[in-house]
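The values are calculated or read from the model by the stated rules, or taken from the named source; none is laboratory data. It should be emphasised that the depicted structure is a prediction, and the values quoted were computed from it without experimental measurement. Using ideal geometry, Cβ is built from the backbone for each residue, glycine included, and neighbour counts are taken over all protein chains shown.
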Amino acid sequence: MTRYLTWTEVKLLGREPLVLVLTLMFPLLLMVMLAAAFSKHGGPVFANLDGTQFYVTAYLGASIAMMGFMGTPSHLAGYRERGVLRRFRAAAIPSGAVVASQAAVLALLAVFAAAVMLVLAYLMFDIPAPASAAGVVVAFAAGILAFGGIGTLLGSILPGARSAQGLGLLLFFGTFLLVGGGPPPGVFPDALNAVTSWTPTGLLLDAIRSPWAGDGLHVPATVTLLLISAATFTLATRRLSRN
């Protein structure tokens, strides 16, 4: 059932190519602009990476966070408005399958966006390979699980697509621009960084950057992302079974 729902969601997404292009192009264009503008910068302010690697790693996480905060919640909340979730229940489709299919689509889009970003980054900026590719993959996977859970939970709670879009924009930009999507965190006060580093977006970027820079797997960030995933998937499944 999960495989069927996932394939159906992918086909539906293919009917709206403009939405797909805009979702993927936004982080890609910002990554290119910021990586080019700060290519000659580096040091502690940029998490001990050069400016190019700093923004490439940041926007690898952006594709996950955008889908988790905006794409998945809006899509799932729109299903509620149109009565799709009621029809799922009437057809005895398990809520777990609905949650899993939404997370699977998020994973497919995030992996595709990350692959395009990395190819472009290597071609345009000739950035070095990550110190631990396996560590980056583990962190990326933990981020997909966490934001897949967050997205489905938000979509199961919020009343409609518009409210989901509004809250998603606030959550995404309110965190991402403070943890490395805009100015580097090193220019912000330490107290602010201490708070934002424990947001899901902050945890995701720390988890990706640490193995990329050669500091090994960021265990606290990775474990916290997995705990977020377990909690949010459980809550989303229970919520959708009652909606």
Inside the range 180-202, can you point out the residues that are over 16 Å from Gly51 (Cβ atoms) and outside any loop (DSSP other than H, G, I, E, B)? Asp190, Ala191, Leu192, Asn193, Ala194, Val195, Thr196, Pro200, Thr201, Gly202
Does the range 92-103 contain any residue that is without any contact (Cβ under 8 Å) to a residue 60 or more places away in the chain and not hydroxyl-bearing (Ser, Thr, Tyr)? yes
So which residues in the range 225-243 are without any contact (Cβ under 8 Å) to a residue 24 or more places away in the chain and closer than 22 Å to Val137 by Cα? Leu227
Surrounded by fewer than 24 Cβ atoms within 10 Å (Cβ to Cβ), touching a residue at least 12 places away in the same chain (Cβ under 8 Å), β-branched (Val, Ile, Thr) and assigned to a helix (DSSP H, G or I): does that describe Val56? no
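Identify all residues within the range 151-167 that are touching a residue at least 60 places away in the same chain (Cβ under 8 Å), in a helix (DSSP H, G or I), of a type outside the set (Gly, Ala, Ser) and surrounded by fewer than 24 Cβ atoms within 10 Å (Cβ to Cβ); write none if there are none. Before you say what the answer is, go through the steps one by one.
Of the residues in the range 151-167, the ones touching a residue at least 60 places away in the same chain (Cβ under 8 Å) are 151-161, 163-165, 167.
Those still in the list that are in a helix (DSSP H, G or I) too: 151-157, 161, 163-165, 167.
Imposing the further condition that a residue be of a type outside the set (Gly, Ala, Ser) reduces the set to 152-154, 157, 165, 167.
Answer for the range 151-167, where residues must be touching a residue at least 60 places away in the same chain (Cβ under 8 Å), in a helix (DSSP H, G or I), of a type outside the set (Gly, Ala, Ser) and surrounded by fewer than 24 Cβ atoms within 10 Å (Cβ to Cβ): Ile157, Gln165, Leu167.
Quick check: anything in the range 116-125 under 23 Å from Ala77 (Cα atoms), among the small types (Gly, Ala, Ser) and either out of contact with any strand residue (DSSP E or B) (no Cβ under 7 Å at 6 or more places or on another chain) or at pLDDT below 90 (or both)?
Filtering the range 116-125 for residues under 23 Å from Ala77 (Cα atoms) gives none.
No, every residue in the range 116-125 fails to be under 23 Å from Ala77 (Cα atoms), among the small types (Gly, Ala, Ser) and either out of contact with any strand residue (DSSP E or B) (no Cβ under 7 Å at 6 or more places or on another chain) or at pLDDT below 90 (or both).
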Quick check: anything in the range 119-133 loosely packed, with under 14 Cβ neighbours inside 10 Å and among the β-branched types (Val, Ile, Thr)? yes
Test: Tyr55 is among the aromatic types (Phe, Trp, Tyr) and either in contact with a strand residue (DSSP E or B) (Cβ under 8 Å, 6 or more places away or on another chain) or at pLDDT below 75 (or both): no
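Across the range 108-150, which residue is farthest from Ala35 (Cα to Cα) among those that are assigned to a helix (DSSP H, G or I) and among the β-branched types (Val, Ile, Thr)? Step through it out loud before you land on a result.
Initially, the range 108-150 is screened for residues assigned to a helix (DSSP H, G or I), giving 108-125, 133-150.
Next, from what is left, pick out any that are among the β-branched types (Val, Ile, Thr): 111, 116, 119, 136-138, 144, 150.
Numbers: Val111: 20, Val116: 15, Val119: 14, Val136: 19, Val137: 21, Val138: 24, Ile144: 23, Ile150: 28 Å.
Selected residue: Ile150.
Name the single residue, out of those in the range 80-104 being of a type outside the set (A, V, I, L, M) and within 19 Å of Thr232 (Cα to Cα), that is farthest from the chain's Cα centre (by Cα). If you could, list the steps in order and put the result at the bottom.
Filtering the range 80-104 for residues of a type outside the set (A, V, I, L, M) gives 80-83, 86-89, 94-96, 101-102.
Now drop any that are not within 19 Å of Thr232 (Cα to Cα), which leaves 80, 94-96, 101-102.
Working: Arg80: 23, Pro94: 25, Ser95: 22, Gly96: 20, Ser101: 16, Gln102: 13 Å.
Only one residue tops the list, namely Pro94.
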Criterion first (modelled with pLDDT of 70 or more and either assigned to a helix (DSSP H, G or I) or within 19 Å of the chain's Cα centre (by Cα) (or both)) does Leu13 satisfy it? no
